[in-house]
Every structure is written in C-alpha cells, then in structure tokens.
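Data block below; observations after.
The values are calculated or read from the model by the stated rules, or taken from the named source; none is laboratory data. Just so it is clear, the structure is predicted and the values come from calculations on it, not from any experiment. For neighbour counting, all protein chains shown are included, and Cβ atoms are generated from backbone atoms with ideal geometry for every residue, glycine included. Side chains are part of the model used for accessible areas, which takes the heavy atoms of the whole protein and leaves out ligands, DNA and RNA. Shrake-Rupley method; radii C 1.70, N 1.55, O 1.52, S 1.80 Å.
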Amino acid sequence: IFSGCTHEAENLFDSSSAARADASVKSDLSILTGAENGWLMEYFPEVNQSYGGYNVIIKFGTDGKVTVSNELYNPTDSATSLYSVKQSAGIVLSFDTYNEIFHLFSDPSDPTGLGGTGYGLEGDYDFLILDATPQKVILQGKKSHGIVVLTPMSSKWDEYLSTIQEVSSAMIFSKYKLVINSEEIPVSISHRTLTFTYTDDGSSVSKTASFIVT
C-alpha cells in the first residue's frame, strides 16, 4: 500500500484573512461615514425590549468622531465623542469615549430612572456589524445581543426629535383598550411597554409588547 501527502494546501481565497478583514473594515467605515445627514437608530437597548425603544440620531465623521442626539434630550442638544471600527471576532463598531447622550443607555447609574441602579437600561456601546449597505446597517450588541437597525436620516435632526417628543407627550394615559371584533381587551402601559390582559380557556393571560414612537 502506497500513500502520499503534501504540506501545501490550495488557497481558496485571493488574499489573506488579515487583508480581507482590513477590506471589510474599510468598506463598513466608508458606509458609516457616507450618510451625509447621519443615521436614525430606532434603539431598544435591552435585548428583550423591556424598557421600550428610543430614537437616536448618529453621524460618523471621517475624523474618528461621532455626534449623537436622542429624543430624551432637548432636540437641539448633541454630544461628540470618539468611535472606531475594527476587527475583533468580527467587525466591531465601538463608541470608545464617553458620550453623555449615547452612553445614557448603558450607564449603570441609570440617569433615566427607568431601569435600576447597577443595571440602567442595559444597552451596549460595542456592536458587531452584521451587514452594512448605504440603505441599512444591521448591528448586534456584543453584550446584550440585541439587533439594532440604522437607516439614513432624511430630515432635520431637531425637527424630527421635536415631533417625536410631541407625539410622546400626547400619550398621557395609563390605560388603553384593544378592540377586536367588538371584544375589548384592557391594556396598561409602563414607560414604553404595553401589557395586554385577556381570558383564554377560562384563565387570565397577560402578554407584553414594547414600542417606539415614530
């Protein structure tokens, strides 16, 4: 019986893994910085959407700086900090330095009072870039594993956030009702989570659904 072997393996790619990773970083960075008016992030910071969703507007500069506004601040407020896109078990977008407006969602001191001291809103500041095109960027929080979608911002930041705040402030009720084929289901609201209570086979059932104001 004869056998043979070779230490040479066929290269299935035209370039090394390091070169491919570098090309992916450059491509994703080009897409992120290419949105002239920034990106709209409809952000549910906790993976199970326990605290509801919030509108965040982000613009990535070619100088490594990122500017952020969100609906929980004055519509004209913004904060600028540093960001990076790098290879780390995938292409990762990191908000590297403290940004008061963005890190609000991951601050364990919980300045919003919606989560809890030591936990906050359980958001992320490091995100895996799962897919990136000029029309949509899909991220996944490295800690929470929640999915986040960015779409190009098409209107003026302060006008959009002002409208969001107006709609949100009009939702002053603590109770609602869902009507289906004349059946009424009571709905309670806590922050941006709705709780639907109904009867199924004689048993009381409660289901929750979080929302974002658009």
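Values for this structure:
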quantity: At R0 = 41 Å, FRET efficiency that the Cβ-Cβ distance of Lys65 and Ser169 yields, to 0.05; calculated: 0.80
quantity: Accessible area of Glu122 in the full protein assembly, 1.4 Å probe (Å², nearest 10); calculated: 60
quantity: For the chain, average projected area of the Cα convex hull in nm²; calculated: 20.9
quantity: Accessible surface of His191 - all protein chains present, 1.4 Å probe, nearest 10 Å²; calculated: 100
quantity: Accessible surface of Phe44 - all protein chains present, 1.4 Å probe, nearest 10 Å²; calculated: 50
quantity: Order of exposure, largest accessible area first, which applies to Lys86, Lys143 with probe 1.4 Å; calculated: Lys143, Lys86
quantity: Residue-count net charge about Phe196 - beta-carbon cut-off 13 Å; Lys, Arg +1, Asp, Glu -1; calculated: 0
quantity: Total formal charge among the other residues, if their Cβ is under 13 angstrom from that of Gly52, Lys/Arg +1 and Asp/Glu -1; calculated: -3
quantity: The stretch 124-214: relative contact order as a whole-number percent, Cα under 8 Å and 6+ apart; calculated: 14
quantity: Net charge, Thr33 excluded, C-beta distance under 12 Å - Lys, Arg +1, Asp, Glu -1; calculated: 0
quantity: The chain - percent of accessible surface contributed by carbon and sulfur, probe 1.4 Å; calculated: 52
quantity: Total charge dipole magnitude, the stretch 63-214, about the Cα centre, Cβ charges on Lys, Arg, Asp, Glu only, Debye to nearest 20; calculated: 200
quantity: Residue list for the stretch 42-86, given a label point 7 angstrom along the Cα-to-Cβ vector of Ala21 and an amide N cut-off under 11 Å; calculated: 86
quantity: Sites Gln135 and His191 - FRET efficiency at Förster radius 35 Å, r taken between beta-carbons, to 0.05; calculated: 0.70
